[in-house]
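Novice: Quick one: the structure is below, and I'll ask about it shortly.
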Amino acid sequence: MTTEEGWTFVRCDNVRAFREWLSEDESGFPPSDGEEPSLGSHLLIELYGCEPRLLEQESSVGEAMREAAVKSEATVVATSFHEFQPYGVSGAVIIQESHYTIHTWPEHGYAAVDLFYCGGTVRVHRAVEVLQERFQPVRVKFLVVRRGLQSEVHR
């Protein structure tokens, strides 16, 4: 974990490291271990080596993202997805607790996913499990940014 100009970053190069870092306690948030409280966490996920056909269609990408939100116990408010030609999908699931977004590059077998969540009810590890199952990446990288640090919000 590193802190840089008011930002707290946690970098994980694989799912096992991420699961070890991420708490599965009642809050669904990572353990604070004396860290400054924040309003939310922004999990950036890099999915490499995905099966290209799984990233091509708006319907399947949207379904996977909605499933990730539901399985993580987030409250879905709205969704919007767009399929680009010749390939690629971008979309968002707006949740009461913030948002989940995705951008896919099927031609590279790559997807960029952001899971921004606040409150104490989201089980983000479940969303990650759905994304792994649905997109079948060979390699996954994570970056967690704690957003709205208390010292900055109350300046």
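Novice: Among the listed residues Tyr87, Tyr100, identify the single one that is touching a strand residue (DSSP E or B) at 6+ places or on another chain (Cβ under 7 Å) and on the phi < 0 side of the Ramachandran plot.
Specialist: After applying the criteria, what remains is Tyr100.
Novice: Could you check the range 112-140 and list, in sequence order, the residues that are over 11 Å from the mean Cα position of the chain (by Cα) and either over 20 Å from Arg66 (Cβ atoms) or assigned to a strand (DSSP E or B) (or both)?
Specialist: Residues satisfying the conditions are Cys118, Gly120, Val138, Arg139, Val140.
Novice: If you don't mind, there's one more thing I want to ask. Give Thr79, Thr101, Thr75 a once-over and let me know the one that is within 18 Å of Phe142 (Cβ to Cβ), touching a helix residue (DSSP H, G or I) at 6+ places or on another chain (Cβ under 9 Å) and surrounded by fewer than 20 Cβ atoms within 10 Å (Cβ to Cβ).
Specialist: Values: Thr79 fails: within 18 Å of Phe142 (Cβ to Cβ); Thr75 fails: within 18 Å of Phe142 (Cβ to Cβ).
Just a single option satisfies the conditions, and that option is Thr101.
Novice: Do you know which residues across the range 39-84 are under 16 Å from the mean Cα position of the chain (by Cα) and of a type in the set (D, E, K, R)?
Specialist: Within the range 39-84, Glu46, Glu63, Arg66, Glu67, Lys71, Glu73 qualify.
Novice: Which of the residues that make up the range 83-98 are touching a residue at least 12 places away in the same chain (Cβ under 8 Å) and either more than 20 Å from Glu46 (Cα to Cα) or crowded, with 16+ Cβ neighbours inside 10 Å (or both)?
Specialist: Across the range 83-98, the qualifying residues are Glu83, Gly88, Val89, Ser90, Gly91, Ala92, Val93, Ile94, Ile95, Gln96, Glu97, Ser98.
Novice: Looking for whichever is over 22 Å from Arg147 (Cβ atoms) and of a type in the set (D, E, K, R) here; the options are Glu107, Glu46, Glu97. Which one fits?
Specialist: Glu107
Novice: Okay, next question. Would you check if Leu47 is touching a strand residue (DSSP E or B) at 6+ places or on another chain (Cβ under 8 Å), under 17 Å from Leu143 (Cα atoms), modelled with pLDDT of 60 or more and not aromatic (Phe, Trp, Tyr)?
Specialist: The answer is yes for Leu47.
Novice: Do any residues in the range 131-155 that are crowded, with 17+ Cβ neighbours inside 10 Å and at pLDDT below 95 have Cβ atoms under 7 Å from those of residues that are outside any strand (DSSP E or B) and of a type in the set (Asp, Glu), where the two are at least six apart or on different chains, and which pairs are they?
Specialist: Every condition considered, the pairs that remain are Lys141/Asp13; Leu149/Glu36.
Novice: May I ask you to verify whether Tyr117 is buried (at least 17 other Cβ atoms within 10 Å of the Cβ) and under 14 Å from Glu46 (Cα atoms)? So that I can check it myself, show each step before the final result.
Specialist: Numbers: buried (at least 17 other Cβ atoms within 10 Å of the Cβ): yes; under 14 Å from Glu46 (Cα atoms): no.
So Tyr117 fails the test.
Novice: Mind telling me which of the residues Glu20, Glu67 ends up being in a helix (DSSP H, G or I) and modelled with pLDDT of 95 or more?
Specialist: On the way: Glu20 fails: modelled with pLDDT of 95 or more.
Sole residue among the options that is in a helix (DSSP H, G or I) and modelled with pLDDT of 95 or more: Glu67.
The values are calculated or read from the model by the stated rules, or taken from the named source; none is laboratory data. Given the structure is predicted, the values throughout are model-derived calculations rather than measurements. A quick note on method: Cβ atoms are made from the backbone with ideal geometry, for glycine too, and the neighbour counts reach across all protein chains shown.
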